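Here is the structure we will look at.
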Amino acid sequence: MNYRIFSCLLFMPDNEIDETDCCGNGCTNCILDNDNKPKPSKLALLAGKRNVILSYTNFRLISNKTHNGDAQIRLLHFVYAATTEDEDGDDDTILDIPPGHHVMLRAQLTDHATPLLRPYSPYWTDFAGKEFKILVKLQPDGAMSGFLSALQPLQVLQFRGPIGNYVHDTSSAKCIVIIAQGVAIAPTMPLVSQVLDNEDDINRIRHLICAQDLQHVYFRERLLEFAQYWNYHSCLYLTHQECTCSSNGREHPCEHLRKQLRYKEAAHTGRLDAKQLASQVLPQEESIIVIVAGHSSFQRHMREVAVNALNVTDDNIFLL
Ligand SMILES: Cc1cc2nc3c(=O)[nH]c(=O)nc-3n(C[C@H](O)[C@H](O)[C@H](O)COP(=O)(O)OP(=O)(O)OC[C@H]3O[C@@H](n4cnc5c(N)ncnc54)[C@H](O)[C@@H]3O)c2cc1C
């Protein structure tokens, strides 16, 4: 074993997990399951570096901005808060949050006896700069939401991760169907980028985005950039897109919605159902995997829809 990798393992920070590390939100990939707990990633080991986020670590807020002109939707950008030890010595750390993994935020709120834990899924990470960004939908009366809405640049929060078990396989060409609901589009963005950014990756992506209406589709500009690639295709499923036009649901999408779509954007009004899902995949497609990001009830429903529509086995369905 390479000495740097070995020394990295020896001096790994304490990342023991116990019952108090669970946020209690019923995450599909709970931190208490052995497969999901934070562990040194292959990338960190190859670089001979320590992943700073394996145990709770301080990150400083760089910015707290609204997205799509909606005050309830925030883009939060964090950077590792270097210690004096880091600044004095050689920098032997990186930040690795693999696509599809989430991190746990721990915050001590003034009116809570114990720290509050909530999971969030980064949509962007900088490995060497040790920065990451999350998209947050503030919940009315939500404990963490209230705290995050008032967060100011330079404030320091603690995060730990990466939590999850999805590993992208480049060994054979597949059709990767990625289904995202609302803000849970966030963890699907790096999944798409990792395929498109690698010229040798010949996997094909079907990105199916379920949102209330066009106003609630996040990262629309980035989706249009993805659409330049031969192996990427997306479709928006808008459940409550309102229109007073005379088409009355007979035309999908109606003329007014079509006018609001950009070049290469496809949209349907209504839910993503088995028929729609089957129509997204070519009949001759041999190898299909399905990734679902969203609320746990949405994930369970979409898993059933995928089994019926695409004839995929449970082993080929990944819930984030
Ligand atoms: C694996 C995982 C990853 C996640 N990633 C993200 C992320 O990237 N961005 C993000 O914004 N959220 C994400 N969440 C949800 C997030 O962890 C919190 O649940 C959310 O921010 C609300 O926390 P809170 O303390 O403000 O609300 P709470 O005090 O927990 O709840 C307040 C009220 O809001 C309702 N509520 C809570 N969450 C939701 C919801 N998702 N939809 C509808 N109603 C809800 C509750 O039922 C309650 O009535 C993720 C959840 C999981 C399981």
With small (Gly, Ala, Ser) and modelled with pLDDT under 95 as the only criterion, which of SER171, SER193 stands out?
SER171
Here are some residues: ASP197, ASP141. Which one is among the acidic types (Asp, Glu) and under 18 Å from PRO98 (Cβ atoms)?
ASP197
Restricting the range 199-209 to residues that are open to solvent by less than 20 Å² (accessible area, probe 1.4 Å) and of a type outside the set (A, V, I, L, M), the residue that is nearest to ASP315 (Cα to Cα):
ASN203
Is it fair to say HIS168 is in contact (Cβ under 8 Å) with a residue 40 or more places away in the chain, surrounded by 21 or more Cβ atoms within 10 Å (Cβ to Cβ) and of a type outside the set (A, V, I, L, M)?
no
Complete set of residues in the range 269-302 that are in contact with a Leu (Cβ under 7 Å, 6 or more places away or on another chain) and either assigned to a helix (DSSP H, G or I) or modelled with pLDDT under 95 (or both):
THR269, LEU277, ALA278, GLN280, VAL281, GLN299
Exactly one condition in (1) away from the ligand (no atom under 11 Å from the Cβ); (2) assigned by TED's automatic domain parsing to the domain that holds ALA278; (3) not aromatic (Phe, Trp, Tyr) is not met by VAL183; state its number.
(1)
Could you list all residues from the range 118-152 that are of a type outside the set (Phe, Trp, Tyr), within 17 Å of PRO162 (Cβ to Cβ) and either in the same structural domain as PRO190 (by TED's automatic domain parsing) or more than 9 Å from the ligand (Cβ to nearest atom) (or both)?
THR125, ASP126, ALA128, GLY129, LYS130, GLU131, LYS133
Subset tally (residues that are open to solvent by 20 Å² or more (accessible area, probe 1.4 Å), in contact with a strand residue (DSSP E or B) (Cβ under 6 Å, 6 or more places away or on another chain) and part of a loop (DSSP other than H, G, I, E, B)) for the range 129-153
1
If I go through the range 175-198 residue by residue, how many of them are more than 27 Å from ALA71 (Cβ to Cβ) and either open to solvent by less than 10 Å² (accessible area, probe 1.4 Å) or touching a Pro at 6+ places or on another chain (Cβ under 7 Å) (or both)?
9
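The values are calculated or read from the model by the stated rules, or taken from the named source; none is laboratory data. In this text the structure is predicted, and so the values were computed from the model without any measurement. Note: ideal-geometry Cβ built from the backbone for every residue, glycine included; neighbour counts use all protein chains shown. Heads up: the accessible areas ignore ligands, DNA and RNA and are worked out on the full protein's heavy atoms, side chains in. Shrake-Rupley method; radii C 1.70, N 1.55, O 1.52, S 1.80 Å.
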